[in-house]
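The values are calculated or read from the model by the stated rules, or taken from the named source; none is laboratory data. Treat the numbers as computed from the prediction; the structure is a model and nothing was measured. Neighbour counts are summed over all protein chains in view; Cβ atoms, including those assigned to glycine, are modelled from backbone coordinates with ideal geometry. Accessible surface areas use protein heavy atoms only, side chains included; no ligands, DNA or RNA. Shrake-Rupley method; radii C 1.70, N 1.55, O 1.52, S 1.80 Å.
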Amino acid sequence: MSRKILKGKVIRDKNDKTVVVLVKRKYSHPFFDKVITSSKKYHAHDEDNKFKIGDNVKIIESKPFSKKKRWEVIIK
């Protein structure tokens, strides 16, 4: 099974080796025929603390690093 890859923006980098990434998704509502934007925050592992607020990054599913952290940053 392949691992999911998501694109998002770093919104928080205060924790050590962790960034919070906001991923936005657009979809068409089935009944109202309007484009809806939904967003979700993911905690991702950043080994070298090199990503800062505002960076556009890609995250990939990985092994659990902690209770909330199940994603890892791969590229900028």
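Of all residues in the range 26-56, those being outside any loop (DSSP other than H, G, I, E, B) and over 16 Å from LYS14 (Cβ atoms) number 10.
Let's see how each residue does on (1) within 23 Å of MET1 (Cα to Cα); (2) exposed (fewer than 10 other Cβ atoms within 10 Å of the Cβ); (3) at pLDDT below 95:
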| site | (1), (2), (3) |
| --- | --- |
| VAL35 | no, yes, no |
| HIS45 | yes, no, no |
| GLU72 | yes, no, no |
| LYS76 | no, no, yes |
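Taking residues in the range 47-69 that are of a type in the set (A, V, I, L, M, F, W, C), and partners anywhere that are in a strand (DSSP E or B) and open to solvent by 60 Å² or more (accessible area, probe 1.4 Å), the pairs with Cβ atoms closer than 6 Å and at least 6 places apart or on different chains are ILE60/ILE5; ILE60/GLU72; ILE60/ILE74.
Of the numbered criteria (1) under 15 Å from the mean Cα position of the chain (by Cα); (2) over 20 Å from ILE75 (Cβ atoms), the one ILE59 fails is (2). Out of all the residues in the range 59-70, which are closer than 16 Å to ASP13 by Cβ and either charged (D, E, K, R) or open to solvent by 100 Å² or more (accessible area, probe 1.4 Å) (or both)? Result: LYS68, LYS69.
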